[in-house]
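Comments concern the structure below.
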2 protein chains.
Amino acid sequence: MIAFPVGYALSAGLLLAASGFASATAQMPPPAASSATSAKPFQSYSEIVAAAPAAAWRTPDPKNLIYLEMASGRVVIELAANIAPNHVANIRALIREQYFDGLPIKRSQDNYVVQWGTPDGQQPRAKIAAKSNLQPEFVRKLSGVEFSGFAFDRLPDIDGYAPQVGFASGFHAGRDPKASEVWLAHCYGAVGVGRGNAVDSAAGEELYVVTGHAPRHLDKNVTLVGRVLQGMPLLSSLPRGTGPLGFYDKPSQFTPIKSIRVAADVAPPERTDLEVIRTDSPTFQHAVEALRNRGGDWFKVPAGYVELCNVPIAVRVPPVKAMK
Amino acid sequence: MIAFPVGYALSAGLLLAASGFASATAQMPPPAASSATSAKPFQSYSEIVAAAPAAAWRTPDPKNLIYLEMASGRVVIELAANIAPNHVANIRALIREQYFDGLPIKRSQDNYVVQWGTPDGQQPRAKIAAKSNLQPEFVRKLSGVEFSGFAFDRLPDIDGYAPQVGFASGFHAGRDPKASEVWLAHCYGAVGVGRGNAVDSAAGEELYVVTGHAPRHLDKNVTLVGRVLQGMPLLSSLPRGTGPLGFYDKPSQFTPIKSIRVAADVAPPERTDLEVIRTDSPTFQHAVEALRNRGGDWFKVPAGYVELCNVPIAVRVPPVKAMK
């Protein structure tokens, strides 16, 4: 069977849930690990992560998890409350006002973003407590002391868009020690706040998700608020809009949002329980090294490098849940 | 209207055809160029390219253009005959044997690739003149003299995957002067040759197209043979396969290929006439600088850098054709 290129660790953090995950690994052509003749068989990212101890996983706070519900299913987003606290609080307020319910996904631009919110030409809905304008949180600016204490799991790999790259509070991020700034990076699945020309012209009523090659030039120009943990294909495979910038020409092309809810407000049986790999865990470091220098029977030339957005942050269904 | 992030130059080379292109630019929110107060208004990549002189465009050789025909439409691919001559010749031979006609797109892995060829478990079709095995063309290895004469339009921007990056024969590429090697890069829309573990285990019967964030770790491990010039959305928005590695579980999920044809073999009235921006043109260099340091009313912080796969190689319908 010719089934290449291999892609076991390439779904941008959207690994299959634990039960499916193991079987997918087992069936993967080519066997990425082990041959009888190899003294120290290569282990892939997926294999390392699949064997990670419980301590390598964290459970996102249900206050920071939101569910985007469509007819096709649920998209689970984790909000980065440590990076963009004011926007995250306002998005939570919007959700609790049911601001998004019934609004459409109105844009799908190939190799770029999907976006939802008020259709062009319509008045935005009235708000109750949520704000319409917020000061930007393009970067998290920290005092020197705060900066050195702010968790950042750095990658040694070079990057053209940021002096340093790695993971801030478990999200793909850039960092500038001279400016004492940390910011989220526009990797696949990143969720951002659409805005007009003024930096304070929005407050989360229009959200977009990166569905293409990382548009990192947007970093530090937009407030990013989180990333998709599960359900990317429901967004990434939407038909592309044929209007300018991928907006849909006709309302009939819209995908309606049934609702957006904060997981903490959803009855536990209806929640999607997920765990995220800790980017400060030795397991994760080990797994990233397996991306940098891929081995096994298929790869012939290891890159010796991994670019930030090519590092998936693995997600799984907790084993107890998976066994139910 | 809140219509962000802006994306005028972000469709990975797949700019709209000339007629639609101009109007799309005109309607783009926000106006990326000009304000009355600005002495030297910023021009975006799209605007620069739209105003490019005729000399900045090249017409691909119809022998190197192939049409992938599906019920949903036509995907146009340019083959990189200068980089992978043997594979390109063999793919042309396969096409002329109608090898691909009726085979399916059998894989769509989110944020990675689509792939077509013989479904798993079926015998590959018999071939007439086309070969089943070829020596790899992962890189184009050149003698020192050849290397210095091989057209390569270099970007000054750093890259973690290659000592140098730029454009070889007009395709996204990496280069290593020490090894006298040039190779195509796995950017969005790149077309590659699936293979088994052995480097000579295939010859173009299985082709894949990159539909996600550039998997550059595959560079130098696969023979890349070209890139999609038009029609990416027909591939990138296909439903994701739910089997391992994004293969479709059931034949009913396949998208049949009606045919693949070499443009030179198609009657001129049925051809898709396209021009590609010359990567050695001053216009292109100017346009790339506009990606590196984006201005206008929306961008607040220019990146001062552009990553190889974030540089679109613009495509247009020739103006005479567009006026028909």
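Working only within region B:180-202, note down all residues that are in contact with a strand residue (DSSP E or B) (Cβ under 7 Å, 6 or more places away or on another chain) and under 12 Å from B:PRO136 (Cβ atoms).
B:TRP183, B:GLY192, B:VAL193, B:ALA202
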Does any residue of region B:183-197 turn out to be among the charged types (D, E, K, R), surrounded by 24 or more Cβ atoms within 10 Å (Cβ to Cβ), facing chain A (nearest Cβ under 8 Å) and in contact with a Pro (Cβ under 9 Å, 6 or more places away or on another chain)?
yes
For A:ALA89, state whether it is without any contact (Cβ under 8 Å) to a residue 60 or more places away in the chain and either over 16 Å from A:TYR208 (Cα atoms) or in contact with a strand residue (DSSP E or B) (Cβ under 7 Å, 6 or more places away or on another chain) (or both).
yes
Note on region B:201-236: residues small (Gly, Ala, Ser) and either under 23 Å from A:ASP110 (Cβ atoms) or at the interface with chain A (Cβ under 8 Å from one of its Cβ atoms) (or both) are B:SER201, B:ALA202, B:GLY212, B:ALA214, B:GLY226, B:GLY231, B:SER236
For region A:251-267: of the residues being farther than 17 Å from A:ARG96 by Cα and out of contact with any Gly (no Cβ under 9 Å at 6 or more places or on another chain), which is nearest to the other protein chains (Cβ to nearest Cβ)?
A:THR255
Residue check: is B:GLY149 small (Gly, Ala, Ser) and either closer than 30 Å to A:ASP157 by Cβ or surrounded by 18 or more Cβ atoms within 10 Å (Cβ to Cβ) (or both)?
no
Identify, please: which residue in region A:38-78 is away from every other protein chain (no Cβ under 14 Å) and either on the phi > 0 side of the Ramachandran plot or modelled with pLDDT under 95 (or both) and is, among those, surrounded by the most Cβ atoms within 10 Å (Cβ to Cβ)?
A:PRO41
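Table: residues versus (1) among the aromatic types (Phe, Trp, Tyr); (2) buried (at least 21 other Cβ atoms within 10 Å of the Cβ); (3) in contact with a Phe, Trp or Tyr (Cβ under 7 Å, 6 or more places away or on another chain).
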| site | (1), (2), (3) |
| --- | --- |
| B:SER236 | no, yes, no |
| B:ILE257 | no, no, yes |
| B:ARG261 | no, yes, yes |
| B:ARG278 | no, no, yes |
| B:VAL317 | no, no, no |
Does A:ASP273 satisfy being acidic (Asp, Glu), more than 7 Å from every other protein chain (Cβ to nearest Cβ) and either free of Cβ contacts under 8 Å to residues at least 12 places away in the same chain or surrounded by fewer than 22 Cβ atoms within 10 Å (Cβ to Cβ) (or both)?
yes
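Tell me, please, whether a residue that is over 26 Å from A:ALA50 (Cβ atoms), modelled with pLDDT of 95 or more and out of contact with any Gly (no Cβ under 9 Å at 6 or more places or on another chain) can be found in region A:270-281.
Taking every residue of region A:270-281 in turn, at least one turns out to be over 26 Å from A:ALA50 (Cβ atoms), modelled with pLDDT of 95 or more and out of contact with any Gly (no Cβ under 9 Å at 6 or more places or on another chain).
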Restricting to region A:152-171, what's the tally of residues that are within 14 Å of A:ALA214 (Cβ to Cβ) and of a type in the set (Val, Ile, Thr)?
1
Taking region B:238-258, which residues are within 18 Å of A:PRO239 (Cα to Cα) and either in contact (Cβ under 8 Å) with a residue 40 or more places away in the chain or within 16 Å of the chain's Cα centre (by Cα) (or both)?
B:LEU238, B:PRO239, B:ARG240, B:GLY241, B:PHE254, B:THR255
Only one of B:THR211, B:THR223 is touching a residue at least 24 places away in the same chain (Cβ under 8 Å), touching a Gly at 6+ places or on another chain (Cβ under 7 Å), over 22 Å from B:THR59 (Cα atoms) and not hydrophobic (A, V, I, L, M, F, W, C); which?
B:THR223
Residue pairs meeting the criteria (Cβ under 8 Å; at least 6 apart or on separate chains; first under 16 Å from B:ARG154 (Cβ atoms), in region B:279-296; second in a helix (DSSP H, G or I) and not hydrophobic (A, V, I, L, M, F, W, C)):
B:ALA287/B:TYR45; B:VAL288/B:TYR45; B:LEU291/A:HIS217; B:LEU291/B:TYR45; B:LEU291/B:ASN310
So, in region B:90-146, how many residues would count as being within 14 Å of chain A (Cβ to nearest Cβ) and among the β-branched types (Val, Ile, Thr)?
5
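The values are calculated or read from the model by the stated rules, or taken from the named source; none is laboratory data. Keep in mind that what you see is a predicted model, and the values were worked out from it rather than measured. Reconstructed Cβ throughout: ideal geometry from the backbone, glycine too, with neighbour counts over all protein chains shown.
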